[in-house]
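Scroll down for the structure; my scribbles are underneath it.
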């Protein structure tokens with residue numbers, strides 16, 4: 001299925017000045033300003049990010065279309081390329097321990113943002129050929145007075161869109177296949193957003209994204225609120241695989257955006273808001289999360305969210321989390337044998353830890369047997385696990401009702417849960433057929 005208006009293109013949206021943004025081209029002349037962002041000259045992951053002596057940066061409208069923003073980024077990096085590091089680790093003489101201890105007595109406040117740095121993550125290679133759908137929340141609502149706007153009128157839909165474009169650029173540079181649920185400022189129903197992710201065509205002939213991320217920013221009647229929350233659908237036990245990512249995302253966004261980390265749980269069920277949950281998550285048959293990265297209702301945060309480089313800071317936080325998530329693998333399993341049994345049907349699955357098979361130590365046990373469980377509905381099925389062949393066998397009772405749900409759970413030694421876990425059983429077939437609820441990622445070798 002292809003939903004009209006959906007695109008993987010990188011076109012920039014138009015925006016009215018009443019939205020708190022501008023679509024006019026930026027002035028690329030140098031105009032040092034105390035409000036200008038400080039960029040760190042860190043061309044690669046292995047190069048430390050110094051505190052640059054350069055105090056100015058190209059002055060540009062606080063929020064701009066993507067292509068001028070990228071031009072501005074390039075200009076800034078070129079200008080800053082010659083700055084000298086003040087990093088003690090790069091000094092000619094190592095600093096004494098006493099100096100490090102003294103520095104701890106004058107630690108910066110948590111809300112002081114670190115200099116912006118966005119090197120390519122060395123684990124980004126593990127995102128190659130991941131199918132990722134980014135869903136910039138809302139859209140098409142500029143005509144509604146006060147709808148989803150910050151204190152000075154900045155539209156959440158516009159912020160979500162800008163972060164999505166920057167994140168798409170970061171992910172595609174790693175070889176991920178990235179698609180957006182909207183390619184402009186218009187409304188798309190939540191049902192259509194989820195359906196797009198569920199039916200996304202894949203090069204392997206299958207369908208469905210590996211991951212669906214709905215990008216949002218929160219609001220509250222309390223103007224001081226500014227914490228990060230990551231939302232999943234329903235019960236935690238339905239979402240083991242994607243919750244692995246949710247934790248990493250929440251920590252990364254809190255660290256990069258300096259939100260109120262520790263104020264409350266960073267993981268939230270959508271049923272805390274509505275009994276049926278969020279439609280966009282409820283309808284998703286692929287691993288799906290909704291991100292409320294920060295609060296646009298917080299006056300200071302709203303102004304930061306107008307800034308293109310701050311949007312990049314947020315996009316990079318999500319990118320970094322995705323790199324680290326993919327690096328640890330996504331385990332899965334394959335049904336390799338079925339046979340008649342006096343009590344029903346015997347089934348054998350081969351487990352895959354989701355990790356490259358040419359890593360040093362790949363021959364060792366990388367699946368945690370203590371996490372292995374097979375359930376039929378709410379009942380645990382006895383199973384037998386063979387560590388040498390990495391296969392698990394269980395008996396499906398003959399009286400299993402058609403349409404029942406069988407789930408298989410395990411983690412690899414990096415504590416990543418398998419996907420898909422849940423299968424719908426078709427008992428009218430002989431032997432029974434298990435239909436996976438979700439898309440299995442094809443195994444990919446070490447990309448290095």
Quick one: residue 338 ticks every box in (1) at pLDDT below 95; (2) under 18 Å from the mean Cα position of the chain (by Cα) bar one, so which box is it?
(2)
When you go through 169, 106, 207, 174 one by one, which is the residue that is surrounded by fewer than 23 Cβ atoms within 10 Å (Cβ to Cβ) and touching a strand residue (DSSP E or B) at 6+ places or on another chain (Cβ under 6 Å)?
207
Has the range 311-319 got at least one residue that is closer than 23 Å to residue 162 by Cα, in the same structural domain as residue 116 (by TED's automatic domain parsing) and touching a strand residue (DSSP E or B) at 6+ places or on another chain (Cβ under 6 Å)?
yes
Got at least one residue in the range 307-326 being buried (at least 17 other Cβ atoms within 10 Å of the Cβ) and under 20 Å from residue 409 (Cα atoms)?
yes
The conditions are (1) more than 15 Å from the chain's Cα centre (by Cα); (2) buried (at least 22 other Cβ atoms within 10 Å of the Cβ); (3) part of a helix (DSSP H, G or I), and residue 284 fails exactly one of them. Which is it?
(3)
Quick one: which residue in 195, 246, 236 is closer than 26 Å to residue 320 by Cβ and either crowded, with 20+ Cβ neighbours inside 10 Å or modelled with pLDDT of 95 or more (or both)?
246
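The values are calculated or read from the model by the stated rules, or taken from the named source; none is laboratory data. Owing to the predicted nature of the structure, the values given are computational and were not obtained by experimental measurement. Note that we place each Cβ from the backbone using ideal geometry, even for glycine, and neighbour counts take in every protein chain shown.
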